[in-house]
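Have a look at the structure below before the remarks.
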Amino acid sequence: MTENFRYEPNEGESLSMAVVSAVALAHHEGVLEQDWIINNDINPDALDGLFQDGQLNMTLRFEADTTTVERVIESITGS
């Protein structure tokens, strides 16, 4: 059985921290108490660097400790 949930990151929260928080939430664990360590699966600095522009439409999807993480970034438009 698949459990779906939505995690909305806090304003200013890095993508890597949002992923760590979302995985902890999916496992019903605290961020500091969870068994999964992001560095074992993905480079957090590289992850944050992918999405810092804010001008691109992107979808990030990967498996992390039996959890599928998906993050959709929509471009910011304006003049």
Being at pLDDT below 85, in a loop (DSSP other than H, G, I, E, B) and either under 12 Å from Arg71 (Cα atoms) or in contact with an Asp or Glu (Cβ under 9 Å, 6 or more places away or on another chain) (or both) is the filter here; which residues of region 6-24 pass it? Arg6, Tyr7, Glu8, Pro9
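Is one or more of the residues making up region 25-39 in contact with a Ser or Thr (Cβ under 9 Å, 6 or more places away or on another chain), part of a loop (DSSP other than H, G, I, E, B) and either modelled with pLDDT under 70 or not aliphatic (A, V, I, L, M) (or both)? Spell out how you get there, then give the answer.
Initial filter on region 25-39 (in contact with a Ser or Thr (Cβ under 9 Å, 6 or more places away or on another chain)): 26-27, 31, 36, 38.
Now restrict to residues that are part of a loop (DSSP other than H, G, I, E, B): 27, 31, 36.
After this cut, where a residue has to be either modelled with pLDDT under 70 or not aliphatic (A, V, I, L, M) (or both) as well, the list is 27, 36.
Checked against the condition, which is being in contact with a Ser or Thr (Cβ under 9 Å, 6 or more places away or on another chain), part of a loop (DSSP other than H, G, I, E, B) and either modelled with pLDDT under 70 or not aliphatic (A, V, I, L, M) (or both), region 25-39 yields at least one hit.
Of all the residues that make up region 23-36, how many are of a type in the set (A, V, I, L, M) and surrounded by fewer than 10 Cβ atoms within 10 Å (Cβ to Cβ)? Steps first, please.
Of region 23-36, the ones of a type in the set (A, V, I, L, M) are 23-26, 31-32.
Retained after the next criterion (residues that are surrounded by fewer than 10 Cβ atoms within 10 Å (Cβ to Cβ)): 32.
Residues flagged as of a type in the set (A, V, I, L, M) and surrounded by fewer than 10 Cβ atoms within 10 Å (Cβ to Cβ) within region 23-36 amount to 1.
The values are calculated or read from the model by the stated rules, or taken from the named source; none is laboratory data. Just so you know, these numbers come straight off a predicted model, no measurement behind them. Cβ: placed from backbone, ideal geometry, glycine included. Neighbour counts: every protein chain shown.
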